């Protein structure tokens, strides 16, 4: 099923409940989306500058292990599974793991919403409010 689900950060991911217990595999996978960059940026890890694109994150497996309250082997196993199943690309260095989410979509960003021209969007998305009385409608006139 295709689609998009918005989850408010302040009510879900920023709540202490989110990180209060050991993460499950699906919860860890969702957390990767929460931790990913939403715009291009640079992360400094032990003096090394890592350039990130939207949909990428640079967290070491040890950092993820602490955040998710899981063993390092559990984190490695999950990342290998996600890589082999086509969900992520994993680049490992001695400083960090750069994870690229392959199903990342830029919903709600200014770059993603200004691709069409104003004329196109007005033609394709013309809406009428419900409070307009259609006086030219012959069926409604007959009933009155």
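The values are calculated or read from the model by the stated rules, or taken from the named source; none is laboratory data. Remember, predicted model here, so these are calculated numbers, not experimental data. In this analysis, Cβ positions are derived from the backbone assuming ideal geometry, glycine residues included, and neighbour counts consider all displayed protein chains.
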Picking from 37, 61, the residue that is modelled with pLDDT under 95, under 18 Å from the mean Cα position of the chain (by Cα) and either surrounded by 12 or more Cβ atoms within 10 Å (Cβ to Cβ) or over 24 Å from residue 105 (Cβ atoms) (or both) would be 37
Exclusive hit being within 22 Å of residue 6 (Cβ to Cβ) and at pLDDT 85 or above, set 101, 79, 72: 101
Can you tell me which residue in the range 40-55 is farthest from residue 9 (Cα to Cα), limited to those that are free of Cβ contacts under 8 Å to residues at least 24 places away in the same chain and over 19 Å from the mean Cα position of the chain (by Cα)? 47
So, in the range 56-84, exactly how many residues are farther than 17 Å from residue 13 by Cβ and assigned to a loop (DSSP other than H, G, I, E, B)? 3
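Results for (1) part of a strand (DSSP E or B); (2) modelled with pLDDT under 95; (3) surrounded by 12 or more Cβ atoms within 10 Å (Cβ to Cβ), shown as yes or no for each residue.
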| position | (1), (2), (3) |
| --- | --- |
| 17 | no, yes, no |
| 28 | no, no, yes |
| 33 | no, yes, yes |
| 43 | yes, yes, yes |
